[in-house]
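To start, the structure under review is shown below, and the notes come after it.
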Amino acid sequence: MKFSISDIIKIIPARVTGDPGFEIRGVSSFDDAGPHDLTFACDPLYLSRIDQTRAGAVIVPDSFSLDPGILPCVLLKTGNPKLSFFKVVESFYPEKPLVPHIHLSAIIGNNLTLGQGTRIEANVVVGDKVTIGNHVHIMANVTIADGCSLGDHTVIKPNVTLMEGSVIGHHGIIHPGSVIGSDGFGFAQNAGTHEKLIHTGHVKIGNHVEIGACNTIDRGTLGVTLLGNGVKTDNLVHIAHNVKIGDNTLVVAQVGIAGSTHIGKNVIIAGKAGISGHLTIGDSVIVGPYAGVSKDVPANQIVSGIPHMAHKTWLKVVNIIPRLPEIRKKLFSFEKRLKNLENKSEQE
């Protein structure tokens, strides 16, 4: 597939510096791009090296300027280079059209409500009283238990399990190996044993939500575990029973959120952070990587560390930790000198 620069600026709004007739034959990363590839640069690390690129064209921020005398390639200036680049990538790698089909090996339960244009692939199991919307793609080896509902244009990738009563909004994506609606970790002690508690709730996931690979999202013990519209989770995330996550929140890999915690809107939870149960995390909070959140966090805060603290405080703490052996040594030295002075004073 080939596009001229003139063709590309019909896909993305951009101001061109260089030859608008130049031919682009592929897309690539900044360091791997060749003479007829398009790439992008949006942070100083790459913009400072743009004269070294082998790419034929680079999408850059509107504010970027370069001496025309050293222009190494065609520049396309946009407000959001990364997003613009991936819109062009979509043109080079268009999605295959969804061909409606139900594979002969699929097992379909009773009272299925099935929309138009939907594809169900090999070895899928669909329970009773399931609702599947229009143009849904259910890939191989998926299990959809009784009473589930899938909105229009949803994609369920291989080996996903949706347990009873799970509700998925429209335009959702669930990546391979995730389990939605499993029982939470609920037990009650009785005479030295742990008695399992029945979980009667379900999971409800909003619209335009993307769930990464190998996530586990537990059903409510009673009631609902809820993910709002636009939530995105990375791989290997665990969301426990009755957690509520607000719209447009990002949850990065290996995060664990304990039961009945409420996460606000537009929150970012960085990788490997752990959040205790029954907490409230306010809107627009950022939780740093590896953080251990054990108390409520008000809106618009940035927290890091274990236990969590204000990010600026954590930066000071991290700075001090490597110096602790030296500080300890000095304290012991001061203590010894002080004792010597006290002994000398007593002798006099």
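The values are calculated or read from the model by the stated rules, or taken from the named source; none is laboratory data. Because the structure is a prediction, the values reported are computed rather than measured. Glycine also receives a Cβ, built like all others from the backbone with ideal geometry; neighbour counts cover every protein chain displayed. With ligands, DNA and RNA removed, areas are computed over all heavy atoms of the protein, side chains included. Shrake-Rupley method; radii C 1.70, N 1.55, O 1.52, S 1.80 Å.
Identify, from the list 147, 201, 165, the residue that is closer than 21 Å to residue 238 by Cβ and touching an Asp or Glu at 6+ places or on another chain (Cβ under 8 Å). Step by step, each of 147, 201, 165 is checked, and only 165 is closer than 21 Å to residue 238 by Cβ and touching an Asp or Glu at 6+ places or on another chain (Cβ under 8 Å). If I filter region 253-264 for residues that are in contact with a strand residue (DSSP E or B) (Cβ under 9 Å, 6 or more places away or on another chain), surrounded by 19 or more Cβ atoms within 10 Å (Cβ to Cβ) and in a strand (DSSP E or B), do I get at least one hit? Yes, because at least one residue in region 253-264 is in contact with a strand residue (DSSP E or B) (Cβ under 9 Å, 6 or more places away or on another chain), surrounded by 19 or more Cβ atoms within 10 Å (Cβ to Cβ) and in a strand (DSSP E or B). Annotation: residue 78 fulfils all but one of (1) touching a residue at least 12 places away in the same chain (Cβ under 8 Å); (2) open to solvent by 70 Å² or more (accessible area, probe 1.4 Å); (3) closer than 30 Å to residue 3 by Cα; (4) not hydrophobic (A, V, I, L, M, F, W, C); the unmet one is (2). When region 297-348 is filtered for residues that are open to solvent by 100 Å² or more (accessible area, probe 1.4 Å) and not in a helix (DSSP H, G or I), the ones remaining, listed by number, are 300, 306, 348.
Region 142-249 holds strands (runs of 3 or more DSSP E) entirely within its bounds, and those carrying 1 or more residues that are crowded, with 21+ Cβ neighbours inside 10 Å and modelled with pLDDT of 95 or more map to 179-182, 202-205, 216-218, 224-227. Taking each residue of region 180-205 that is basic (Lys, Arg) and looking for partners that are open to solvent by 80 Å² or more (accessible area, probe 1.4 Å) and not in a loop (DSSP other than H, G, I, E, B) with beta-carbon atoms closer than 7 Å, six or more apart or interchain, yields 196/187.
Give region 121-134 a look and list any residue that's surrounded by fewer than 18 Cβ atoms within 10 Å (Cβ to Cβ) and either assigned to a loop (DSSP other than H, G, I, E, B) or in contact with a helix residue (DSSP H, G or I) (Cβ under 6 Å, 6 or more places away or on another chain) (or both), or say none. Scanning region 121-134 gives 122, 123, 128, 129, 134. If the condition is being within 22 Å of residue 140 (Cβ to Cβ) and without any contact (Cβ under 8 Å) to a residue 12 or more places away in the chain, then region 94-126 contributes 95, 96, 97, 104. Within region 20-44, residues that are farther than 21 Å from residue 64 by Cβ and without any contact (Cβ under 8 Å) to a residue 40 or more places away in the chain have Cβ atoms under 9 Å from residues that are open to solvent by 60 Å² or more (accessible area, probe 1.4 Å) and among the hydrophobic types (A, V, I, L, M, F, W, C) in these pairs: 25/1, counting only partners at least 6 apart in sequence or on another chain. Scanning region 198-227 for residues that are more than 20 Å from residue 271 (Cα to Cα) and among the small types (Gly, Ala, Ser) turns up 201, 206, 220, 223. Filtering region 51-60 to residues that are surrounded by 15 or more Cβ atoms within 10 Å (Cβ to Cβ) and either under 29 Å from the mean Cα position of the chain (by Cα) or without any contact (Cβ under 8 Å) to a residue 24 or more places away in the chain (or both) leaves 53, 54, 58, 59, 60. Of all the numbered requirements in (1) among the aliphatic types (A, V, I, L, M); (2) surrounded by 14 or more Cβ atoms within 10 Å (Cβ to Cβ); (3) modelled with pLDDT of 95 or more, residue 66 misses one, and that requirement is (3).
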